[in-house]
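So the structure is just underneath, and the comments pick up after that.
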Amino acid sequence: MVLKPITKELEQAFNVNEKLGDSSKVIYRSVYRRFLNLSDHTKLLDMSETNIIKLVNDDSIPPKSQESLLDVAVLVRKANNASYEKILKYKTIQLKKSIEKRKFEKNEKLKDELPEKKQIERYIKTLENNKDYVSYIVNYLLLNYGVRNLDLNLIITSDRDVTTKGHKSEINYLYVTSTYVIYIRNNYKTYKTYGQKKLKIIKKSFLNACTQLLGDNYDTPLLKLKNGDPISEESIGRVIQEMTYNNIGEGMYFKVNIADSKKSNNIKRIRDLSNHRGSAIETVFAEYDIDNKN
């Protein structure tokens with residue numbers, strides 16, 4: 001993926017942070033454009049820290065979005081030798097309190113609104129019966145393995161070589177055989193921490209869905225545009241959300257999983273979800289347990 005920098009200040013930030021992956025750059029570029037729209041295209045280096053904080057500290061901007069805007073501000077200013085300490089202090093102290101307050105309020109509301117896992121399972125069965133194979137695969141992987149949107153940007157293939165590529169590949173795969181599917185992830189949020197992940201899936205309906213989509217092709221993208229091209233990482237979240245039960249999205253699916261596992265006191269299931277997702281179990285409880293008060 002070729003990423004053209006938007007401005008010299010962002011280009012410098014990418015150059016200094018050489019370990020930033022392409023998916024992270026896509027996110028930073030998107031947030032940076034959002035900041036420029038808010039600032040009437042005044043660049044980060046042309047504003048004081050105080051004015052950046054005032055601009056972002058707006059009730060119309062959700063606290064987590066404010067955090068993303070300040071993250072890109074710190075990234076850019078630090079890479080260009082501009083002061084950023086005041087922004088960082090505001091983000092880690094005052095904004096953090098706002099985020100926690102907002103999260104608590106949302107979780108309290110979710111206790112009455114979050115669907116039961118069985119409801120989503122029935123929805124997935126309907127997708128299977130309707131032969132909506134793409135949506136079925138997306139929802140099956142989200143609910144059963146707690147993966148993120150990016151993890152579903154994958155290629156369905158019959159090429160056995162993808163199982164041995166390891167760190168040489170930056171692509172996610174569903175390798176299809178006559179009796180099982182191997183789900184291989186080489187591109188997901190915490191790949192650099194947890195490395196390649198492989199899952200063997202033997203469920204017949206899942207195998208059939210993959211086989212039907214692959215057809216006589218050597219490989220095919222799971223998610224693609226009408227012309228057959230793979231979908232972009234920038235739009236994958238919206239596309240997947242529209243496929244989920246009541247459009248609740250992957251994050252809500254994970255919260256459903258945690259709530260259901262706690263209800264049945266299934267700690268092993270929570271540990272498995274943590275492992276599949278590539279998240280520390282402390283992060284799982286902090287971000288996805290709607291009963292968490294911290």
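The values are calculated or read from the model by the stated rules, or taken from the named source; none is laboratory data. The model shown is predicted, which means the values in this text are computed figures rather than measured ones. Cβ: placed from backbone, ideal geometry, glycine included. Neighbour counts: every protein chain shown. These accessible areas exclude ligands, DNA and RNA; they are computed on the full protein's heavy atoms, side chains included. Shrake-Rupley method; radii C 1.70, N 1.55, O 1.52, S 1.80 Å.
Residues in the stretch 115-140 that are hydrophobic (A, V, I, L, M, F, W, C) and touching a helix residue (DSSP H, G or I) at 6+ places or on another chain (Cβ under 6 Å) were compared, and the one that is farthest from THR190 (Cα to Cα) is LEU127. For the stretch 95-105: of the residues being among the basic types (Lys, Arg) and loosely packed, with under 12 Cβ neighbours inside 10 Å, which is farthest from SER48 (Cα to Cα)? Among them, the one singled out is LYS101. Of the residues in the stretch 233-245, at least one is closer than 28 Å to THR283 by Cβ, touching a Pro at 6+ places or on another chain (Cβ under 8 Å), in a helix (DSSP H, G or I) and at pLDDT 95 or above. Residue count for the stretch 252-273 under the criterion of being in a helix (DSSP H, G or I) and either in contact with a Pro (Cβ under 8 Å, 6 or more places away or on another chain) or open to solvent by 30 Å² or more (accessible area, probe 1.4 Å) (or both): the result is 11. Considering the stretch 131-225, the qualifying strands (runs of 3 or more DSSP E), each wholly inside and each with 1 or more residues that are free of Cβ contacts under 8 Å to residues at least 24 places away in the same chain and open to solvent by 10 Å² or more (accessible area, probe 1.4 Å), run over 172-176, 181-185, 197-201. Every condition in (1) farther than 22 Å from TYR28 by Cβ; (2) out of contact with any Phe, Trp or Tyr (no Cβ under 8 Å at 6 or more places or on another chain); (3) open to solvent by 20 Å² or more (accessible area, probe 1.4 Å); (4) in a helix (DSSP H, G or I) is met by GLN119 except one, and the failing one is (2).
Taking the numbered list (1) under 30 Å from ASP46 (Cβ atoms); (2) open to solvent by less than 40 Å² (accessible area, probe 1.4 Å); (3) of a type outside the set (Gly, Ala, Ser) in turn, THR92 passes all entries but (2). The set of residues from the stretch 21-59 being of a type in the set (A, V, I, L, M) and open to solvent by 40 Å² or more (accessible area, probe 1.4 Å) comprises ILE27, LEU38, LEU45, LEU55.
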